[in-house]
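What follows is a short report on a single structure.
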Amino acid sequence: MSMLGLKLSTDPRWVNIVESNIEEILSDHLWCEQKAATNAITMIAHNSELEELVTELLIIAKEEMDHFQQVHELIKKKGLTLARERKDHYVNELYKFMKKDGSRIQSLTDRLLFSAMIEARSCERFKVLSENIEDPELAEFYRDLMISEAGHYTTFLGFARKYGVGIDVNKRWKEWIDYEDSIIRNYGKKETIHG
């Protein structure tokens, strides 16, 4: 966990909850990928002049949509039904912590840290799934995705440090870590990626 800096690890027993409803976790996961792609595209729209950022975010948006498609293929292959999109309460709680009323640079930096935080927790959850789920196909799938999410986490954090001129990004990231720790304690009880 130290690489991601998260304070609280997910209890592996969460996977037992997941295994009781694979349709729900896969549906929720698919919508998480869609939201991640949408987040990247929104950041592109708001920061179109930052060429390097746009270039990298286009790659991330494409990867997230590729994951979206992979999860959909899994749902079909397993004879399951894709459920309608649900609210992600964890992400909504994180969103409340994001600074939205400062300068453009402050807003972008915090949006990048918010994105890094979601990727870090998703990566951690995928690791727990890959190590504890009994379905070997899903174990391998989540191992591959864990690596991809770790890459996205690094990219977002790197851009926050690059563009956060005049902001103590490391201090703000620590605030994000502490805030995430305070909310994640209420999760790990549902068959959703952040549940």
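Under the rule of -39500 (n - 2.57) per DSSP H run of 4 or more residues, summed and divided by the residues of the chain, what mean residue ellipticity at 222 nm is obtained, to the nearest 500 deg cm²/dmol?
Values: 7 runs with 140 residues, N = 195.
Calculated from helices alone, the mean residue ellipticity at 222 nm is -24500 deg cm²/dmol.
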Report task. Just grab the label-to-label distance for GLU51 and ARG84, each label 7 Å out from Cα along the Cβ direction, in nm (one decimal). Result -> 4.6
Query raised in the report: If a helix is a whole DSSP H run, which ones in the chain reach 20 Å or further along their own axis (Cα) and hold a mean Kyte-Doolittle hydropathy of at least -0.5?
Result: 22-46, 51-77, 104-132, 136-163
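Give the calculated FRET efficiency between GLU23 and ASN92 to the nearest 0.05, with a Förster radius of 30 Å applied to their Cβ-Cβ distance.
Numbers: r = 23 Å, r/R0 = 0.76.
For R0 = 30 Å, the calculated efficiency reads 0.85.
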Query raised in the report: How many Lys pairs in the range 59-195 lie less than 15 angstrom apart by Cα atoms, where the lysines are 8 or more positions apart or on different chains?
Result: 5
Report summary line: Within the chain, excluding any GluC sites (Glu not before Pro) found in a DSSP loop (not H, G, I, E or B) and having at most 10 other Cβ atoms within 10 Å, the longest uninterrupted segment runs 50-133
Report summary line: Dipole check, the chain, charges on Cβ (K,R +1; D,E -1), about Cα centroid: among THR81, SER148, ALA45 the Cα furthest to the positive pole belongs to ALA45
Query - Label zone at ASP144 (point 7 Å along Cα-to-Cβ), backbone N below 18 Å, the range 45-86 - result: 60-79
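Please tell me the relative contact order of the range 14-184 in percent, rounded to the nearest whole number, where contacts are Cα pairs under 8 Å and at least six residues apart.
Working: 163 pairs, mean separation 38.6, N = 171.
23 percent.
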Query raised in the report: Given GLN106, LEU157, TYR179, which one lies farthest toward the positive end of the charge dipole of the range 14-184, if we put +1 on the Cβ of every Lys and Arg and -1 on the Cβ of every Asp and Glu?
Result: GLN106
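None of the figures in this text is laboratory data; all of them are computed from the coordinates on show. For clarity, every value in this text was computed on a predicted model and none was experimentally measured. Quick reminder, even Gly has a Cβ in these numbers, built from the backbone with ideal geometry, and neighbours come from all protein chains shown.
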